[in-house]
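One structure below.
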There are 2 protein chains.
Amino acid sequence: MRVGVIGCGFFAGNHLRGWQEVEGARVTAICDSDPERLEAAVDIAGHDVQRFRDADDMLGSGLVDFVDIITPPHTHCALIRAAAAAGVPAIVQKPLSLDLKEAEEAVAMMEARGLPLMVHENFRFQAPMRRLLDVVRGGEIGRPTYARVAFRTAWDIYAGQPYLADLERFILFDVGVHVVDLIRSVLGDVVRVSCETDSIRPGITGEDSATLLLRHENGAIGVVECSYASPVPGDPFPQFHVTVEGTDGAVVLAPDLGVTIRKGAGEHREVIKPEVLPWMEPPWEVVQDSVIAIQRHWLDCLSARRETETSGRDNLQTLRVIEAAYRAAGSGRAERPVAAT
Amino acid sequence: MRVGVIGCGFFAGNHLRGWQEVEGARVTAICDSDPERLEAAVDIAGHDVQRFRDADDMLGSGLVDFVDIITPPHTHCALIRAAAAAGVPAIVQKPLSLDLKEAEEAVAMMEARGLPLMVHENFRFQAPMRRLLDVVRGGEIGRPTYARVAFRTAWDIYAGQPYLADLERFILFDVGVHVVDLIRSVLGDVVRVSCETDSIRPGITGEDSATLLLRHENGAIGVVECSYASPVPGDPFPQFHVTVEGTDGAVVLAPDLGVTIRKGAGEHREVIKPEVLPWMEPPWEVVQDSVIAIQRHWLDCLSARRETETSGRDNLQTLRVIEAAYRAAGSGRAERPVAAT
């Protein structure tokens, strides 16, 4: 499959390297409006790729079988609509959009044309998280009753991405979409959201701390926590902490990538580290490895004509939880995730 | 000071042994309607104590300087009112009452007569928890912004207290009052409560799982979790997990009694184990030690005419959070802890 990469910023290098590891995929075209960033990407992908300054030109070129969109969030939906118009499947980085209504329209447009659309939610494709998901989905801990996903750090993320400090809606769209996707991956859809947010670090415009209390459709209770103002011991950045409890046991994923499974009276722990390739850099290895895993999943589903786990349609449910969380933080009520009106 | 113990059930042995470690206190009278339980208590306290079958007789005897009430929850307030009428200070086991209005009336009656009243909330007097509180109150981690207190276990508490399975309102009054007291001890009063509850274990009448999302008066966000249906790895029973984050650091108390303090880039960990006396029994040592600590606190405050940390008045705030939690679980709204009307 011929991959067209759109956007050559902060995270694109991981996607480009990732595609080189995926059998059956090959980056044949790269697009960025900034010539310098474009050339840096070409240096990674190889000088035989086609260069584009404009995404529409790439989409209309007939040179790509799908596009991988790695641009800033506010541009995602316009690019998805352009892909739909050109009849090209798309993967898009998270968040799908900052605007739920816009996201719903873009997803609907792809679906109307029968075009696959996947959101690049790589947290759930990290190797130890896959192990946890296998345990839960395999029924090993019985009926899930509770889960907690926490991402709390004081890592200076503003050094690499200074614009984060100015976002009106910040951590819920930055890392919140990841952790809500994680809890949805284990407990399924959410029917009620309570939320408290805070802006702790001086000079930050939006919320840099958010805590969600969730009720899931299956009756389970969920807790989602994210904070960039958490000077916790042994700062786990960029890892998260997941606990899932069921009627017959529990499974815990710790930031050291250890997965502990309790079934009945027995307990078992394994540390799941990914294969470290030469281009990977600590502390990002497990994240970088997950990019390859998500790309493989996309390719597998594409060839099998199967819906991806984090399809556009699925990801709308995550965005609805995020919207409900903002509403709940403002209203002091538990809110229901719903479609935009 | 001459101590009159009322109630000789499940936990009374710890109180009786505890008083023997507290300089300046001596159990001089014991009361229980059941002669067998009474004699078992006398065997611990010493055969020179006065025996009473009726609490009013003890309160009117002039033989005690204060009473230590260790009876079932529904009897607490009647006994406090009797103590008030007799002009006798009182410590009472948690929960102060299952009925907020009744609790407010009993507290008001003691206050009107200038009589000290303390609720025996021993979790916050556990040695490692005191260390954590010293760190927070000493300003070592800056302004507190977040705390989480979790008590999750699958320990078979029903074996020793089978009546727990039949309570309409269960875990929030059983262990919830403890963990809400803990989070109030670090973050202060609560202004908003969201709550989800569940009844997981088969055959349990009330809720055996409850999760609270709290907003505190100081702006901090709190999470309180309790569950008796949590088969988590390394079941921590009877210990809890506390994390407190502030603007300058964080402090974590783990169930192994380890206290980890992070200040700036530095980290320090210490395990705080209590002195184990011959009558103490694992896994209860740290709880049993805390009984002595709370008894000392009571005696210190009594002689200095100072209000105890967990006075009746203070503990009403905990009960108001519990009431608000039940309301929130029912209404799907965040609720405000308020006085009973």
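The values are calculated or read from the model by the stated rules, or taken from the named source; none is laboratory data. A quick note: this is a predicted structure, and the numbers were derived from the prediction, not measured. Methodologically, a virtual Cβ is constructed for each residue, glycine included, from the backbone with ideal geometry; neighbour enumeration extends over all protein chains shown. Note: accessible area is taken over every heavy atom of the protein model, side chains too, but ligands, DNA and RNA are not part of it. Shrake-Rupley method; radii C 1.70, N 1.55, O 1.52, S 1.80 Å.
Where residues in region B:126-166 are within 14 Å of chain A (Cβ to nearest Cβ) and among the basic types (K, R), which of them is surrounded by the fewest Cβ atoms within 10 Å (Cβ to Cβ)?
Among residues in region B:126-166 that are within 14 Å of chain A (Cβ to nearest Cβ) and among the basic types (K, R), the one surrounded by the fewest Cβ atoms within 10 Å (Cβ to Cβ) is B:R143.
Listed here are the residues, each with its yes/no results for (1) modelled with pLDDT of 95 or more; (2) basic (K, R); (3) in a helix (DSSP H, G or I).
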position	(1), (2), (3)
A:L277	yes, no, no
A:P282	no, no, no
A:Q288	yes, no, yes
A:L299	yes, no, yes
A:R313	yes, yes, yes
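Condition (residue is closer than 20 Å to B:E105 by Cβ, more than 14 Å from every other protein chain (Cβ to nearest Cβ) and surrounded by fewer than 22 Cβ atoms within 10 Å (Cβ to Cβ)) applied to region B:297-305: is it met by at least one residue?
Among the residues of region B:297-305, not one is closer than 20 Å to B:E105 by Cβ, more than 14 Å from every other protein chain (Cβ to nearest Cβ) and surrounded by fewer than 22 Cβ atoms within 10 Å (Cβ to Cβ), which makes the answer no.
Report whether or not B:T211 is crowded, with 24+ Cβ neighbours inside 10 Å, modelled with pLDDT of 95 or more and within 9 Å of chain A (Cβ to nearest Cβ).
When the stated conditions are applied, B:T211 passes them.
Only residues in region B:226-239 that are at the interface with chain A (Cβ under 7 Å from one of its Cβ atoms) count as the first member; pair them with residues that are in a loop (DSSP other than H, G, I, E, B) and open to solvent by 10 Å² or more (accessible area, probe 1.4 Å), Cβ under 6 angstrom, at least 6 apart or cross-chain, and list the lot.
These pairs meet every condition: B:A229/B:I200; B:A229/B:R201; B:S230/B:A154; B:P231/B:A154.
Every residue, every condition in (1) closer than 20 Å to B:Y146 by Cβ; (2) in contact with a Ser or Thr (Cβ under 9 Å, 6 or more places away or on another chain), yes or no:
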site	(1), (2)
B:D248	yes, no
B:T260	yes, no
B:S290	no, no
B:A304	no, no
B:T318	yes, yes
B:A329	no, yes
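Here are some conditions: (1) within 13 Å of chain B (Cβ to nearest Cβ); (2) of a type outside the set (F, W, Y); (3) touching a residue at least 40 places away in the same chain (Cβ under 8 Å). A:H216 meets all but one. Which one does it not meet?
Here A:H216 clears every test but (3).
Only one residue in B:E270, B:E217, B:E281, B:E196 is of a type outside the set (A, V, I, L, M, F, W, C) and either open to solvent by less than 20 Å² (accessible area, probe 1.4 Å) or closer than 29 Å to A:V244 by Cβ (or both). Which one?
Numbers: B:E270 fails: either open to solvent by less than 20 Å² (accessible area, probe 1.4 Å) or closer than 29 Å to A:V244 by Cβ (or both); B:E217 fails: either open to solvent by less than 20 Å² (accessible area, probe 1.4 Å) or closer than 29 Å to A:V244 by Cβ (or both); B:E281 fails: either open to solvent by less than 20 Å² (accessible area, probe 1.4 Å) or closer than 29 Å to A:V244 by Cβ (or both).
Only one candidate qualifies: B:E196.
For A:V177, are the conditions met, namely being modelled with pLDDT of 95 or more and not in a strand (DSSP E or B)?
Yes, satisfied.
Among the residues that make up region B:104-111, is at least one of them in a helix (DSSP H, G or I) and free of Cβ contacts under 8 Å to residues at least 12 places away in the same chain?
Pass one, region B:104-111, residues in a helix (DSSP H, G or I): B:104-111.
After this cut, where a residue has to be free of Cβ contacts under 8 Å to residues at least 12 places away in the same chain as well, the list is B:108.
Yes, there is a match, as at least one residue in region B:104-111 is in a helix (DSSP H, G or I) and free of Cβ contacts under 8 Å to residues at least 12 places away in the same chain.
Restricting to region A:247-258, name every residue that is under 16 Å from A:G139 (Cα atoms) and more than 8 Å from chain B (Cβ to nearest Cβ).
A:V251
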